[in-house]
Number of protein chains: 2
Amino acid sequence: MITGKNQIGNTLSAEGNKVYRTFNPVDNQENSWEFLEANSEEINRAVALALSAFEQYRTFSGKQKGAFLRLIAEEILELGDALLDIYCQESGLPQGRAQGERGRTVNQLLAFADLVEEGSWVEASIDTAIPDRSPVPKPDIRKMNIPLGPVVVFGSSNFPFAFSTAGGDTASALAAGCPVIVKAHPMHSGTSEKVASAIIKAANKTGMPDGVFSNLNSSGPEVGKQLVSHPGIKAVGFTGSIKGGRALFDLASEREEPIPVFAEMGSINPVVVLPSALKDRSEYWATQYAGSVNLGVGQFCTNPGLILGIESIELDEFSKNLGEKLISQNSGSMLHPNIHSFYDQLKSEFSKQNGVETVAEQSANSKPNVASQMVVKVKGSTFIENPTLHQEVFGPFSMIVSCKDESELITIIKELEGQLTGTVLGNDDEIKTYSVLIDALQNRVGRIIFNGVPTGVEVCPSMMHGGPYPASSDSRYTAVGTHAIFRWVRPFAFQDWPDELLPEELQNDNPLGISRLVNNTLTRS
Amino acid sequence: MITGKNQIGNTLSAEGNKVYRTFNPVDNQENSWEFLEANSEEINRAVALALSAFEQYRTFSGKQKGAFLRLIAEEILELGDALLDIYCQESGLPQGRAQGERGRTVNQLLAFADLVEEGSWVEASIDTAIPDRSPVPKPDIRKMNIPLGPVVVFGSSNFPFAFSTAGGDTASALAAGCPVIVKAHPMHSGTSEKVASAIIKAANKTGMPDGVFSNLNSSGPEVGKQLVSHPGIKAVGFTGSIKGGRALFDLASEREEPIPVFAEMGSINPVVVLPSALKDRSEYWATQYAGSVNLGVGQFCTNPGLILGIESIELDEFSKNLGEKLISQNSGSMLHPNIHSFYDQLKSEFSKQNGVETVAEQSANSKPNVASQMVVKVKGSTFIENPTLHQEVFGPFSMIVSCKDESELITIIKELEGQLTGTVLGNDDEIKTYSVLIDALQNRVGRIIFNGVPTGVEVCPSMMHGGPYPASSDSRYTAVGTHAIFRWVRPFAFQDWPDELLPEELQNDNPLGISRLVNNTLTRS
């Protein structure tokens, strides 16, 4: 059952008067559930509760937080197919995708549980005293990461599980010791409510303080704005559009006490196709990229929207081939009619630009909200001159840019905005031959891929999902992988503190057995 | 000889028309040298040169950067007493302090040289491929820290060596692989020019690219504003006032591409004196704190400006004792007449507030620009009600707040703005008894000290010099200690990149022998 209420800590609340519904894009009709947007008082209550929960939660051990995260994963699985059904009804995505994304979400929760149970993530550092140092004695100084405070997480439209209510932002913030308030995405508030109920259940079963988690409904930007402006909120996690992310970043920067916003925003994920790739594996790459462009109906942040090559017959053939393979794939329903119409609008805007050639476009589907895949092609000089073409087209769309030579290709790369990923297709020798080009690409992205597709973001310590602005609002952090936890912590130092009163992480005998920097040497002893 | 010119990479330049001089506060007269503020074209040239230097410098090995940093330290020492003389003439600080601060600066440079020569600071992380993983193969992903790009460093007024031209910000940014443009502090542009010449000499002798370092003169905020707004600048380091730091933060946040600003700003460094400290060691702490309040003529960012206790005869005695000891110390010259008059103005503003009692004030000195030390006392309730009293008084001044009980003390701590440090004087048992109070203090500061003074910031890996806003603009980083390098880097991931073309830090056989996270295990192999 979906109540449509806000979950403020352990209490369901429905005091507002703004009612909204989610939409099933496959059936092209509103879902039956009614949601009540959180009102101002409810928002304040959620923050006050999070602040009071923080006083306790920040002192909880890695074991306690690990047990909580593990149980969230279990409780989500416990919701079974009913949860997947709601996900599909609110996103139009197929059951298989829902299942896969749930798996990813559960794995993320478990990875953060592992991380905090092991404990070394606090980056403990100990410099012991030298009382007889001259001219002044050296004090004993010990440092470790501590949580920032209550975090607001904005659910994303395109990953109702993995980047939403119990997604990577929430899992990493809870792991860090920060209470979380989720602003549910208006497109999938039912999914959010169900997942939130799993989190609350897990919180109660593992003895977490009331307010460690809240889930607030919202139909527009107001709830988010009030949350980000609230003095009790200490950091923000967001996945979505540049416009939305930048608005939150601006709001947070203008506060009396500015707070960090980690916004993972748009990206067109440039792919550079070097000559050997077109000679030796053109067919293979056309197939791979047709799949990558269309994955998740093109609604992935690592969707390859820009393919750059040097003009040649081979590049023309590759383009044609990619176009044919892309439109031969099944078309899927987009997340929402608004997203679908925005996709159509941008496609048509692109087509109308001077010098833009349509390589292939799927004919319009009779079903509503289904995206027609499209590949267009443009000359390097045209691309450089026309900023309209530099926008992200959110959907199964890609643009091939045919450059007259390497130097034009480098010019384009240097002028690109920051990107999540950059990909190079070619052979080892070309990495050396085109080193200037590849250096330029490296400078614009967070992750560089050799002979692969940018879609598919592995959850592991080495992942970097973020990049120079506007790929993300702070290139110094990743949104995916266990190191995403560092967004929510600050280093804290104890000077000459009595050993037995220090947190266990910093005590002399290292009771947790974690890896620590002791007098500048990494050790577990 | 001081030329008064800007140092743009290897070239001296003096194209502007704004001339200014520095001031000797001890002699109460302008120094003879004339400086030419950098004009708009010179600023653009410095940034363009830094950008072109970055393309090379970012690829330099830890050994190369280490040699550069070591030689900077040598070249600074090579300048000998002549440099110390200029420092004293521009700051009014005594020779001993100049010498001590030079030592600290040299040690910082060497510490960063050690760090990059050893190499593990890049936090290399490797997750190897699992080609036969189902349902999809796991790619090979490797991550390490890479430099952000050109950094602007603002020289501070109060540390002409250690937090200025070749100070911690510059040393850490150069160590990270970022070219640096220093905006010389208008109060000590001669010192800056001499130190800059040492850096340029070292850069040339170690084969660094032209533009890896520039030093620009400025008489007011314009040069800094233009630098922070320039699209070629990727990060900013600042030490100074809240007003100045916040203005730069706002400017950087409003850019089309926002950039990180690390501003270390004001702090009043609260000290909580618990009953046992007043009973057992009152005399000792009065002596220690008289020294700490007056250190560097009270012009340290960790100056203890707020001393909190619970009202008692012992607290009254301690106050009186502290006041007597403080005014029995020698008074020193402040850095500049403006700083001195602002100090006097704030002192008098504080004295005029209702309920503020002067415990002791040094009578005015006949010499100009000499600061009269002062201790005032106020009741907890008065402090809470009057925000005027919450300001930092930059100088040898401290305020004792006498709270009616622990609960009032906790209220005050909870309402404090973010601070660099918090100090607790007492015994081990009291840490437990007053745990709520100490938890509250921890939540407001970056470093907590037991039975010590906040002045004296050790340069070591465990140091945290920063804290919740407005102690710093980003509590997730430290300005002092080797971990200050992390302000200037971003993680970067390679996916399926050929081993021999990876940076050495990420190659399979670990040619640098650094500590790395390999498949989630820390190892040097």
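Every read-out reported here was derived from the displayed coordinates using simple, explicitly stated rules and does not represent laboratory data. Nothing here was measured: the structure is a model prediction, and the numbers come from that model. Glycine gets a Cβ as well: all are built from the backbone with ideal geometry, and neighbour counts include every protein chain shown.
Nm distances between the label at residue A:287 and the same-position labels in the remaining copies, 7 Å along Cα→Cβ, shortest first?
So the distances to the same position in the other copies read 8.4 nm.
Can you give me the Cα centroid spacing of region A:470-525 and region A:334-411 in angstrom?
45 Å
Cα centroids of region B:152-205 and region B:255-278: how far apart, whole angstrom?
23 Å
Provide the per-residue ³J(HN,Hα) series for region A:7-18, in order, calculated from phi with Karplus coefficients 6.51, -1.76, 1.60 and θ = phi - 60°, each as a whole number of Hz, with x at glycine and proline positions.
Whole-Hz 3J(HN,Hα) from phi for region A:7-18: 10, 9, x, 7, 10, 7, 9, 8, 9, x, 10, 9.
If each of residue B:205 and residue A:507 carries a label point 7 Å out from its Cα toward its Cβ, how far apart are those two points in nm?
Reported label-point gap for residue B:205 and residue A:507 is 5.1 nm.
How far apart are the residue B:77 label points across copies, placing each 7 Å from Cα toward Cβ, in nm, shortest first?
Nearest to farthest, the other copies are at 6.2 nm.
Pop a pseudo-label 7 angstrom from the Cα along the beta-carbon direction at both residue A:10 and residue B:428 and give the gap in nm to one decimal.
Label at residue A:10, label at residue B:428, 3.7 nm between them.
Would you tell me the mean number of C-beta atoms belonging to other protein chains that fall within 10 Å of each C-beta in B:256-264, as a whole number?
Mean inter-chain Cβ contacts per residue within 10 Å come to 3.
Measure off 7 Å from each Cα along the Cα-to-Cβ vector at residue A:222 and residue A:138, then give the distance between these two points in nanometres to one decimal.
5.9 nm
In chain B, which helices (entire DSSP H runs) extend 30 Å or more along their own long axis, judged by Cα positions, while averaging at least -1.0 on the Kyte-Doolittle scale?
B:95-118
Based on the Cβ-Cβ distance of residue B:525 and residue A:320, what FRET efficiency does E = 1/(1 + (r/R0)^6) give at R0 = 41 Å, to the nearest 0.05?
0.25
Given the pairs A:18/A:225; A:18/A:183; A:243/A:377; A:320/A:432, which are separated by over 18 angstrom at their Cα positions?
A:243/A:377; A:320/A:432
Placing the label point 7 Å from Cα along the Cα-to-Cβ direction, what are the distances from residue B:387 to the equivalent spots in the other copies, shortest first, in nm to one decimal?
Here the equivalent label points are 3.9 nm apart from this one.
Residues with amide H under 5 Å of residue B:518's amide H, sequence separation 5 or more or different chain, H placed in the peptide plane at 1.01 Å from N; which?
Under 5 Å from the amide H of residue B:518: B:126, B:523.
Sum up the charges of everything whose Cβ sits under 14 Å from the Cβ of residue B:23, counting Lys and Arg as +1 and Asp and Glu as -1, but leave residue B:23 out.
In short, -3.
For region B:134-140, what does the Karplus curve 6.51 cos²θ - 1.76 cosθ + 1.60, with θ = phi - 60°, yield as ³J(HN,Hα) per residue in whole Hz, taken in order and with x for Gly and Pro?
3J(HN,Hα) across region B:134-140, in whole Hz: 10, x, 10, x, 8, x, 8.
Taking a virtual spin label 7 Å from the Cα of residue B:77 along the C-beta vector, which residues in region B:197-231 bring their backbone nitrogen under 16 Å of it?
B:198-199, B:202, by backbone N distance to the label point.
Classify chain A: rounded, prolate or oblate, from the alpha-carbon gyration tensor (a ≥ b ≥ c, eigenvalue square roots; a/c under 1.5 rounded; otherwise prolate if a/b is larger than b/c)?
oblate
Please list, in chain and number order, the residues 5+ apart from residue B:307 or on another chain whose amide H is under 5 Å from its amide H, with Hs placed from the backbone.
Close amide H contacts, sequence-distant or interchain: B:271, B:399, B:400, B:401.
Report the one residue of B:335, B:28, B:191 whose Cα lies farthest in the direction of the positive end of the charge dipole of chain B (charges on C-beta: Lys and Arg +1, Asp and Glu -1; origin at the Cα centre).
Projecting each Cα onto the dipole axis, the largest value belongs to B:191.
For the rotation that superimposes chain A on chain B, which residue of A has the C-beta lying nearest to the axis, and at what distance in Å?
Taking Cβ atoms only, the nearest residue and its distance are A:253, 2.
Hey, can you rank B:98-105, A:357-364, B:163-170, B:271-278 by average C-beta count inside 10 Å, highest first?
So the order, starting with the most tightly packed, is B:163-170, B:271-278, B:98-105, A:357-364.
State to the nearest 20 debye the size of the charge dipole of region A:270-450 about its Cα centre, where the only charges are +1 on K and R beta carbons and -1 on D and E beta carbons.
500 debye
Within a 10 angstrom radius of each residue's Cβ in A:50-59, how many Cβ atoms of other chains show up on average? Whole number is fine.
Neighbouring Cβ atoms belonging to other protein chains average 1 per residue here.
Mind listing the phi-derived Karplus ³J(HN,Hα) values for region A:473-478, rounded to whole Hz, using 6.51, -1.76 and 1.60 with θ = phi - 60°, and x for any glycine or proline?
7, 8, 5, 7, 9, 9
If amide hydrogens are placed 1.01 Å from N in the peptide plane, which non-local residues have theirs closer than 5 Å to the one on residue B:419?
The list, which skips near neighbours in sequence, is B:445, B:446, B:471.
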